[in-house]
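One structure is given below, encoded as structure tokens.
The values are calculated or read from the model by the stated rules, or taken from the named source; none is laboratory data. Note that the coordinates shown come from a computational prediction; the quantities given were computed from them, not determined experimentally. Cβ coordinates were reconstructed from backbone atoms using ideal geometry, including for glycine residues, and neighbour counts include every protein chain displayed.
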Amino acid sequence: MSALVLGGSAIIPSLLLLWYIYAGDRNPEPRGLLLKTFLLGAAICAPVVPVATWLESLGGGWEGGGWSTALVQAFLGAAIPEELFKYLVLRRYVWSKPAFDEPLDGVVYGATASLGFATLENILYVGDGGVGVAVLRALTAVPEHAFTGVIMGAFLGRARFATDTARSVGLRVAGLGWAILLHGTYDTFLMTHTAFALLALPVLLLEVGWGRGLYKKLQAEQLQAAGAGVVVTGQLGVVEQTWESERAQVVADGLGPIEVPTEWRATHVRLTSPPPPTPQRTFWSWLKLGLGAAGLTVCGLGWLIISALLWLPTDGEPLTTGVKVILVLLCTAPTALFLWLFHSGLRGPFEPARV
């Protein structure tokens, strides 16, 4: 039973973060491709370990205790090999997939690969340290991996669609470089094993804030590319048109004259006016997301415990059918409630962004 509980506590935080990032994509990625990316992110733990050990041995001469040892362990033993292999998952596997068709996809795949790695790493740490370590890592290490993946993925998403080769290479190098720098800085403070470890928290907050900013900007560009809120559909006679050389003016639903390309199709007109500002989550939206995520984590552990009680052999008397039904019902109700709360938080409420 303890193995089930520890395993669940290591996995559930990653899945909730992945759900949050996936839900923000208006053009969702194929679930099969996301699953493979997640599993590849977990699989890179195998090559990361020997490479990290080798790199750390190269820096052994610089280890003199204190900060020098922390820097070697953080950058050579963790940040460089881990972020490099995450980058390879994105560059060598996801990069050429047809589903990678807009810059925002880089964020989704970057977070997915990173959370795959974080999940397996979490299982290993939690198996050693117990539920206390699981809770601590759910609030620190898992978001840290997720948002370094978001930042790297945002740069790679732009690089994927850059028309200039030099700019594409520069963006890829910058994405990998920032991920290594942020990850290494975060780990360095922790690995001093002093009061300076508290400085890892501001680094984590910086990663989350920057990652969310990049994500929101790419979301806004996704909406703009789709023409959200300014698309008129209908037959040829629905809109009034006047041709002017190679462009036309369309008057529709009181929007006034707006220029559109003359090669528009009769059944679909995409206006060129900008979309409305990206809405911002309110405090209540974040509160629902936080409470829902925390509740689902607890309920997930509850289901693991119930599963162990129902199916694993015990030394005492087996549970009666009535007790089993009561246990399932007791866990079903709060799970449904927190699932609704988390889903409701994803949908809002929002307030209009300031222009």
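Annotations
- Of all residues in segment 100-121, exactly one satisfies the criterion of being touching a Cys at 6+ places or on another chain (Cβ under 8 Å) and charged (D, E, K, R), namely Glu121.
- Selected residue (criterion: surrounded by the fewest Cβ atoms within 10 Å (Cβ to Cβ)) from residues of segment 145-169 that are of a type outside the set (Phe, Trp, Tyr) and assigned to a loop (DSSP other than H, G, I, E, B): Thr163
Conditions (1) of a type outside the set (Asp, Glu); (2) in a helix (DSSP H, G or I), marked per residue:
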position: Thr69; (1), (2): yes, yes
position: Leu76; (1), (2): yes, yes
position: Pro81; (1), (2): yes, yes
position: Leu88; (1), (2): yes, yes
position: Arg92; (1), (2): yes, yes
position: Pro98; (1), (2): yes, no
position: Asp101; (1), (2): no, no
position: Val107; (1), (2): yes, yes
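- Selection status of Ile151, under 20 Å from Leu206 (Cβ atoms) and either more than 19 Å from the chain's Cα centre (by Cα) or not assigned by TED's automatic domain parsing to the domain that holds Leu18 (or both): no
- Filter result for the condition that a residue is within 21 Å of Tyr20 (Cα to Cα), at pLDDT below 90 and surrounded by fewer than 24 Cβ atoms within 10 Å (Cβ to Cβ), over Glu121, Glu102: Glu121
- Condition met for Ile123 (more than 23 Å from Gly295 (Cα to Cα), assigned to a helix (DSSP H, G or I) and over 15 Å from the mean Cα position of the chain (by Cα)): no
- Selected residue (criterion: nearest to Ala99 (Cα to Cα)) from residues of segment 28-60 that are of a type outside the set (D, E, K, R) and not in a helix (DSSP H, G or I): Pro30
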